[in-house]
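Engineer: My questions all concern the structure below.
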Amino acid sequence: MLKLCLTLSACFFIFTNASPSFAKNAVTTQKASFINPSQTPFSTNPRKDYGVHLGNCRGAVIAPSWILTAKHCITDKRKRKPGSIPARFFYKGGAKERLKASAVYLYKKADLALIQLTTPIHQSNVLQPVLLLGTPLKAKHGSLPMKKLSVPIGPWKNIPVRAGKKQNAYISKEDRRGGPGTSGSPWIFETAIAGDVLFAVTHGSGRGVLVAYARKWLDKTVKRHTPGEKLHWIRLNPLLPDLN
């Protein structure tokens, strides 16, 4: 009887000590998960504009309740009063819709910020989130063909983008276009199998901040404040043949 009790106690000890480890691993696996190209929840058809107008800047919807933009677009007033952010989406024909913000979160390590919306957007063909590239762009990858960028003069097309130092990507001087108010715009490339993928956010002077380096912070912030939502990340490797 004593032997049985010791055995059961040992089993109980192993079980209770294994559970937290399993749970921790499960969470880690979830944070590190990437979708397969064919599993994208968004449209794979080419789309003109992901841009949300933020007054003097732009942003992109990356989850129903979240806009990604540049940190330097968040003024002191916008920090204190997120409701003052003039987030708007423009439909064809000039109609516009106001997206009211409830909070802002700044990334300490690079020029990135998240704007949380008071009410999640309804996914539609007009405005919906975009996939995010979870692979840090390196020199070995060569250049990515940026095909879409929300700017006042319209989208850029087939602009070669290369990895730079630290968390940045660059466009050559001869390929730079745009003007004031383009900060925070999404840098996007298009694939046939997965649709559009956002890989960087406009900082300025032909430089974009690669979002892959901020993946943990982005995931953590979204999960903490909107537990029912998540970001959709994809690796670069399966998409490379589609980009050549």
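Engineer: Report, by residue number, each residue of the range 97-120 that is without any contact (Cβ under 8 Å) to a residue 40 or more places away in the chain and either under 14 Å from G51 (Cβ atoms) or open to solvent by less than 20 Å² (accessible area, probe 1.4 Å) (or both).
Structural biologist: Once the filter is applied, which keeps residues that are without any contact (Cβ under 8 Å) to a residue 40 or more places away in the chain and either under 14 Å from G51 (Cβ atoms) or open to solvent by less than 20 Å² (accessible area, probe 1.4 Å) (or both), the range 97-120 yields E97, A101.
Engineer: Do we have I121 as at pLDDT 90 or above and either within 26 Å of A95 (Cβ to Cβ) or part of a loop (DSSP other than H, G, I, E, B) (or both) here?
Structural biologist: When the stated conditions are applied, I121 does not pass them.
Engineer: Which of the following residues is under 18 Å from V52 (Cα atoms) and assigned to a loop (DSSP other than H, G, I, E, B): L198, L231?
Structural biologist: None of the others qualify; the one that does is L231.
Engineer: Separate question: Please list, ordered by first then second residue, the pairs with beta carbon atoms under 9 Å, 6 or more apart or interchain, first in the range 161-175 and in contact (Cβ under 8 Å) with a residue 40 or more places away in the chain and more than 13 Å from L144 (Cα to Cα), second exposed (fewer than 12 other Cβ atoms within 10 Å of the Cβ) and among the hydrophobic types (A, V, I, L, M, F, W, C).
Structural biologist: If the second residue must be exposed (fewer than 12 other Cβ atoms within 10 Å of the Cβ) and among the hydrophobic types (A, V, I, L, M, F, W, C), no pairs are left.
Engineer: Exactly one of (1) open to solvent by less than 10 Å² (accessible area, probe 1.4 Å); (2) at pLDDT 95 or above; (3) among the hydrophobic types (A, V, I, L, M, F, W, C) is unmet by W217. Its number?
Structural biologist: Checking W217 against (1) open to solvent by less than 10 Å² (accessible area, probe 1.4 Å); (2) at pLDDT 95 or above; (3) among the hydrophobic types (A, V, I, L, M, F, W, C), the one that fails is (1).
Engineer: Residue pairs, Cβ under 7 Å, 6 or more apart or interchain, first in the range 122-149 and under 27 Å from D175 (Cβ atoms) and open to solvent by 40 Å² or more (accessible area, probe 1.4 Å), second modelled with pLDDT under 80 and part of a loop (DSSP other than H, G, I, E, B). List them.
Structural biologist: K147/K157
Engineer: Out of all the residues in the range 196-210, is one or more open to solvent by less than 20 Å² (accessible area, probe 1.4 Å), at pLDDT below 90, touching a helix residue (DSSP H, G or I) at 6+ places or on another chain (Cβ under 6 Å) and not charged (D, E, K, R)?
Structural biologist: no
Engineer: Can you pull out every residue in the range 57-90 that is more than 11 Å from S185 (Cα to Cα), touching a residue at least 60 places away in the same chain (Cβ under 8 Å) and touching a helix residue (DSSP H, G or I) at 6+ places or on another chain (Cβ under 7 Å)?
Structural biologist: Selection gives A63, W66.
The values are calculated or read from the model by the stated rules, or taken from the named source; none is laboratory data. Not measured: the values here are computed from a predicted model. Don't worry about glycine lacking a Cβ; one is built from the backbone with ideal geometry, like all the others, and counts go over all protein chains shown. All accessible areas refer to the heavy atoms of the entire protein, side chains included, with ligands and DNA or RNA removed. Shrake-Rupley method; radii C 1.70, N 1.55, O 1.52, S 1.80 Å.
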